[in-house]
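Data first, discussion second: the structure below is written as structure tokens.
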Amino acid sequence: MNIAAGLRNWRRAKEILSVLIFDYGFGHVVDQLDLGGVLPVGRRRDMPPAHAALSGPERLRLALGQLGPAFIKLGQMLGARADLLSLAYVSALRRLQDEAPPVGFEEIRQVVEAELEMPLDRAFARFDRKPLSAASLGQVHAARLPDGREVTVKVLRPGVERVVEADLQILSDAAYLLPRRVPALRRYDLPALVRQFASQLEDEMVYTLEAHNAERIGRSLAEAGLRVRVPAVVSELTTKRVLTAERVYGKRVDRLGEGEVGFDRMEAAVQFARAMLRQIFLDGFFHADPHQGNVLVGDDGTISLLDFGMVGYLDPRTRRLLVEAVRHAYGEDVDGVVDDLVELGALGPDTDLAAVRGELSRIVSRFVAMPPRQMAIGELFSRTLRILWVHQIRVPPELSVAAKTLLLTEAVCRDLSPDFDLRSLARPMAEEEMAKAFTPQAVAERLTKEVETAARRLGRLPSRLEHVLSLLGTGSLRLRIDEQGADERAWGLNRSINRLALSVLSGSLLVSGSIYLAGAAGPLHLGLGAAAVAGGIVLGLAAALGLLRPGRL
């Protein structure tokens, strides 16, 4: 990183901290984590009265929305992580709106013409100057093709990649440094979390990937014969920064009038739920942000899914275990649920499985007994993931994305029909998938794959054993012991050495400066002596301050 980029990032880091601490009152987090000595927080001031009246989750939602594209997307990602945050914060972040002031038409024109390598009026018979919507990463314009087709054109904001790259670098640096300063943060594996987020965000800025996502999900829904469709992509007018797709018309599901007629609202809810459950349980590749703004309902009840920048993926093993967990939950088989989830994740060193079973038993029994509106299937998953996190059972983060998707699916279905029950569809679908998983052909395929995997590992065993014996023979074999608390003790030892070094250097400067002053033969010796004494006093004060304020030095 060059010096100019480093200075820009430093200024941006100060801006981020200013918004979080001064504008929205998160200075107490800095105090609790003892970060005042390593962050450029400046002088503390009171936050605006309008923000002081809000709850912590609401203030965080507003702060992330103000900080721009990367932080809006970060908030949306955290809104899917019920295993990391409390339900109050998760609920608030799920309402984070991705809206931004529109980019001027001439800038949009330049991007489109550069990407399509042709003048705008040659590519489109009409291109509306006013956007249909403007978000943090891109904005959408209505247009018409020369052949008369109505389309929408999604354009990446000019310069947004550079802004996102700078913010991702700041987040990456923070994820690396903060756990070293605050040991309690190490269990969150912040670097891995930021890497996952960066990969997701970078994918969202590549519109050819979004086009692929839309076409893949569209094919699956068409094969199923469901009345849920995906707008067709116009491939010849789609590039990395421009996505052109068929324009669809309809109303948002949360804006349908009470007396809306023309289609069966319950049937529309069933069609949408089947589409989303199919993506999660059968395909393992699903639209991960089906909120009300991304779902339109036509006059005949046909539902259109929009915006495929955010998708989720469940590998076959994870998908199978998820389906098993759903089936066991419906049967109130808590041991089965625990076994499925333990197989999905990794046990921590202090995991208490008896406590996990007890807490899950209470949730599962409530889920089965309560009316659907009081315990949705998405909420069941979210609460379960939170329990697993607390008890140090790590599960794939994709499960949190699936849980959020189910919650959004239920919200859309209840906007269509308040009496809708997603559980009535999820259970038979889970049973059907489990039946397929235990057919002779499916069992034979799994056994074949497991035998192939075992054979590969066995084939690599002699070479790995030879490598270990070679290291042992040359004396190069090393044993690594990860002792709990070793990092904290090393950090404390390092601080003690720093203080000792400062004390020795301070004393040396004071003694040498005093000798120079006592025997000064001229202005030069006098100046050197005074400078040495002053330096010794400053370093001595720094060492004393470090002793009085532990952790600062």
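Just so it is clear, none of the values below were taken in a lab; they were calculated from the coordinates. Just so we're clear, the structure is a prediction, and the values are computed from it rather than from any experiment. Glycine also receives a Cβ, built like all others from the backbone with ideal geometry; neighbour counts cover every protein chain displayed.
Under a 5 Å amide H to amide H cut-off, with H placed in plane at 1.01 Å, what residues pair with F26 once short-range neighbours are removed?
Hits under the 5 Å cutoff: I21.
What list of ³J(HN,Hα) values in whole Hz, one per residue of region 139-148 in order, does the Karplus curve 6.51 cos²θ - 1.76 cosθ + 1.60 (θ = phi - 60°) give from phi, with Gly and Pro shown as x?
Going residue by residue, I get 9, 10, 10, 7, 7, 10, 7, x, 7, x Hz, with x marking Gly and Pro.
Mind scanning K14/K240; K14/K154; K73/K240 and naming the pairs with a C-alpha gap bigger than 21 Å?
Beyond 21 Å: K14/K240; K14/K154.
Using DSSP to define loop residues, name the trypsin sites (Lys or Arg not before Pro) in region 113-152 whose beta-carbon has at most 13 other beta-carbon atoms within 10 Å.
Hits after loop and neighbour filter: R129.
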